[in-house]
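Everything below concerns the one structure shown next.
Just so it is clear, none of the values below were taken in a lab; they were calculated from the coordinates. All values reported here derive from a predicted model rather than from experimental measurement. All Cβ positions, glycine included, derive from the backbone under ideal geometry; neighbour counts span all protein chains shown.
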């Protein structure tokens, strides 16, 4: 399990869909730790053009053009992240970092 990987999660809480894809955005040291949860961002097929969204799609293993929504971070149990879908390239990981900085109002 690595930062920047996508996983399909069945029955995410308070989500009307049967499953949703999430990307791991938390620090690798926490992912590798004994903590039972990791910070993730949801993937939606809707892209509003916000600076806190990163476009993703077929290159990352997804079926549809979609976007990572960094304004909707959640903590998910590692045990739910079992259905691997794909991963970000280093360039897209950099774009994710920039979107997270904006979403969390962090200075450079």
Among 50, 76, 10, which comes first, then next, by fewest other beta-carbon atoms within 10 Å?
-> 10, 50, 76
Each label sits 7 Å from Cα toward the beta-carbon; between residue 94 and residue 32 the label points are separated, in nm, by 2.4 nm
The residues 34, 3, 8, sorted from fewest to most surrounding Cβ atoms within 10 Å, come out as 34, 8, 3
Sorted largest first, the C-alpha extents of the chain along its principal axes in whole angstrom are 31, 30, 26
With the 8 Å Cα cutoff and a minimum separation of six or more residues, region 5-103 has a relative contact order in percent of 30 percent
